[in-house]
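Can you read through this structure? Questions will come right after.
The values are calculated or read from the model by the stated rules, or taken from the named source; none is laboratory data. If you're wondering where the values come from, they're calculated on a predicted model, not measured in any experiment. We place every Cβ from the backbone using ideal geometry, glycine too, and count neighbours over all the protein chains shown. Note: areas computed on protein heavy atoms with side chains; ligands, DNA, RNA excluded. Shrake-Rupley method; radii C 1.70, N 1.55, O 1.52, S 1.80 Å.
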Amino acid sequence: MRIGELAARAGTTTRTLRYYESRGLLPARRTDNGYRAYDEDDLKLLRQIRTLQDFGFDLEETRPFVDCLRAGHPEGDSCPASLAVYRRKLDELDALIGELRSVRAKVGEQLTRAERARDELAAEATAVPGGPEPACEWGGRTR
């Protein structure tokens, strides 16, 4: 198949395919008349790359999976180098999850503090007869 058909079947652009070719991830086979030629194996490579990128892998991290497929393995993640990339990505994700939990805890603490401060202001306002009611402005409107 030609580059346009491969791009359409893979759900990407011809520009992306040329970029993958320049990075050595997609083979650069040419027909006698100079057209790029691709087959079902190339489509499988592209689907592997796209799936991994959807999972957050950068393009270079897909290389071991592509190499594994090119070596004739039915799946791109059955080679030791691919498994090592999975392990590194899981470690990276675990670290990010830890950071997000920490940020979430801090935001929760800030919310609790802010609600307490709001409640204290409201209590002070009602403690003084005729005292001003606390108001917050949001987008030019008082709430």
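Given (1) touching a residue at least 40 places away in the same chain (Cβ under 8 Å); (2) not in a helix (DSSP H, G or I), identify the lone condition not met by ASN33.
Here ASN33 meets the rest and fails (1).
Could you count how many residues in the range 1-25 are within 22 Å of the chain's Cα centre (by Cα), open to solvent by less than 80 Å² (accessible area, probe 1.4 Å) and closer than 24 Å to LEU83 by Cα?
Number satisfying all stated conditions: 2.
Considering (1) at pLDDT 95 or above; (2) closer than 30 Å to TYR20 by Cα; (3) loosely packed, with under 11 Cβ neighbours inside 10 Å, say which one GLU99 fails and leave the rest.
Of the numbered conditions (1) at pLDDT 95 or above; (2) closer than 30 Å to TYR20 by Cα; (3) loosely packed, with under 11 Cβ neighbours inside 10 Å, the odd one out for GLU99 is (2).
Taking interchain pairs and intrachain pairs at least six residues apart, which have beta carbon atoms under 8 angstrom, with the first residue in the range 42-57 and under 12 Å from LEU25 (Cα atoms) and the second of a type in the set (S, T, N, Q) and part of a helix (DSSP H, G or I)?
GLN48/THR62; ILE49/THR62
Looking at ARG63, ARG36, ARG47, ARG30, can you tell me which residue is touching a strand residue (DSSP E or B) at 6+ places or on another chain (Cβ under 8 Å) and either among the acidic types (Asp, Glu) or surrounded by 14 or more Cβ atoms within 10 Å (Cβ to Cβ) (or both)? Steps first, answer last, please.
Details: ARG63 fails: touching a strand residue (DSSP E or B) at 6+ places or on another chain (Cβ under 8 Å); ARG47 fails: touching a strand residue (DSSP E or B) at 6+ places or on another chain (Cβ under 8 Å); ARG30 fails: either among the acidic types (Asp, Glu) or surrounded by 14 or more Cβ atoms within 10 Å (Cβ to Cβ) (or both).
After applying the criteria, what remains is ARG36.
State the number of residues belonging to the range 102-128 that are of a type in the set (Asp, Glu) and at pLDDT below 90. Quick ask: steps written out before the conclusion?
Of all residues in the range 102-128, those of a type in the set (Asp, Glu) come to 109, 115, 119-120, 124.
Subset that is at pLDDT below 90: 119-120, 124.
Going through the range 102-128 one residue at a time, the tally reaches 3.
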